Amino acid sequence: MKELKRGKHYYILMAPYFIIFTLFTLIPVVVSFVLSFFHFNMLELPSFVGWDNYSRLFLNDDIFMIALKNTFVFAVITGPVSYIACFLFAWIINELSPKVRAFMTLVFYAPSLSGNVFFIWLIIFSGDSYGYLNGFLMSAGFILEPIQWLRDEQYILWVVIIVQLWLSLGTAFLAFIAGLQTIDRSLIEAGAVDGIKNRWQELWFITLPSMKPQLLFGAVMQITMAFAVADISIALAGFPSVNYAAHTVVTHLMDYGSIRFEMGYASAIATVLFAIMVGTNLVTQKVLRKVGE
């Protein structure tokens, strides 16, 4: 009790965050997990069905398996690539003068702020000869007729991946810039005395260990973006996409949650996605703990 009284001011300051977190994150997650064991269509009272929603999800829902495969392909490619790109660009930009650094940070961060960014990519990947990519390929003699980039299932997912990579320099990128700014220069000088011979050794033994909180935060943000992709797929490929070629777990969740109103089944989808994200984050944390060893 003495410890609680001694730190009461800290608890008071943290209370608004914990209240908001509990109301809008913790309680919805718990309710969604409980609801995943019920049939609920928002018109009738929920009825308990046990594990039926999960068995239906993995054994009878072929579209979910397509969405799961697409999501993993998307996450495996965009997650690590965008994470490494965020850090490398932040590391390079951090070496510039303050004014140039501020300008370049804005240039790289701007795509993630653009509200109508999909319109640009729709023009680039337009399926007629007026699309920028088709026009270039036809004028260069690589193709004879336009390619339906957003209607051909062999291209759709890759188009979405490219656009996501372009948009990926967001919050994690800013976190890395901030982390690099807080590194104590005396550590670098001490490292030089202790035998660090080049920038790569400095990066591994000083820079990365000094910004582990930012690295972890960036990993969480990139994992969330990689597994929660939906808006890009819908804007570029439609909803649903051709033969569900760009269908993801989140678009599947939106289908059952906001269109069919099968809230119990949608909660089961959300619970599976949540478990995948938590598992991936735990693995990432273990990997980041080894940085600098």
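How large is Rg over Rh for segment 104-226, taking Rg from the Cα atoms and Rh as the Kirkwood inverse mean of 1/r across Cα pairs?
We get a ratio of 1.18 for segment 104-226.
Would you tally the net charge around A178, using a Cβ to Cβ cut-off of less than 14 Å, leaving A178 out, and scoring K and R as +1, D and E as -1? Mind showing how you got there, number by number?
Details: positive: R101, K212; negative: none.
Once all neighbours under 14 Å are counted, the net charge is +2.
Work from the charge dipole of segment 132-200 (Cβ charges, +1 for Lys and Arg, -1 for Asp and Glu, about the Cα centre) and give the residue of P146, A172, Y132 farthest towards its positive end.
It is A172.
Measure of size requested: the Rg and Dmax of segment 238-293, with Cα atoms as the atom set and Å as the unit; please supply both.
15.9, 51
Given the options L236, Y10, L106, identify the residue whose Cα lies farthest towards the positive end of the charge dipole of the chain (+1 on Cβ of Lys, Arg; -1 on Cβ of Asp, Glu).
Final value for the positive-end residue is Y10.
What does the helix-only formula give at 222 nm for the chain: each DSSP H stretch with n ≥ 4 adding -39500 (n - 2.57), the total divided by the residues, and the result rounded to the nearest 500 deg cm²/dmol?
Calculated mean residue ellipticity at 222 nm is -20500 deg cm²/dmol.
For the pair V34/A110, report the inter-label distance in nm, with labels modelled 7 Å from Cα in the Cβ direction.
Calculated label separation equals 4.9 nm.
Beyond 23 Å, what share of the Cα-Cα pairs of segment 14-170 is found? Please give it as a whole percent.
Within segment 14-170, distances greater than 23 Å cover 66 percent of Cα pairs.
With no solvent and one equal point scatterer placed on each C-alpha of segment 62-289, evaluate the Debye formula and give log10 I(q)/I(0) for q = 0.09, 0.15, 0.16 Å⁻¹, two decimals.
-0.48, -1.05, -1.13
Quickly rank 8-21, 48-61, 74-87, 244-257 as a protection proxy: mean count of other C-beta atoms within 10 Å, highest first.
244-257, 74-87, 48-61, 8-21
About the Cα centre, and with charges only on the beta carbon of Lys, Arg (+1) and Asp, Glu (-1), how big is the dipole of segment 62-289? Nearest 20 debye, please.
600 debye
Can you tally the lysine pairs in segment 62-289 where the Cα-Cα distance is under 27 Å and the two residues are eight or more apart, or on different chains?
Close lysine pairs under the 27 Å cut-off: 4.
log10 I(q)/I(0), Debye, Cα-only segment 155-235, no solvent, q = 0.20, 0.22 Å⁻¹?
The Debye formula, applied to the Cα set alone, gives -0.88, -0.97.
Name the helices (complete DSSP H segments) of the chain with a Cα length along the long axis of 30 Å or more and a Kyte-Doolittle mean of at least 0.5, or state none. It would help to have the intermediate numbers written out before the result.
On the way: long enough: 62-94 (47 Å, 1.58); 263-289 (38 Å, 1.13).
Flagged H segments are 62-94, 263-289.
Per q in 0.19, 0.26 1/Å, what log10 I(q)/I(0) does a Debye calculation on the alpha-carbon atoms of segment 197-244 return?
-0.70, -0.92
List the residues, sorted by chain then number, that are 5 or more residues from S168 or on another chain and whose placed amide H is less than 5 Å from its amide H.
Correct list: empty.
Every number here is computed from the coordinates shown, using simple stated rules; none is lab data. Small disclaimer: the values here were computed from a predicted structure and weren't measured. Please note: Cβ atoms are built from the backbone with ideal geometry, for glycine as well, and neighbour counts cover all protein chains shown.
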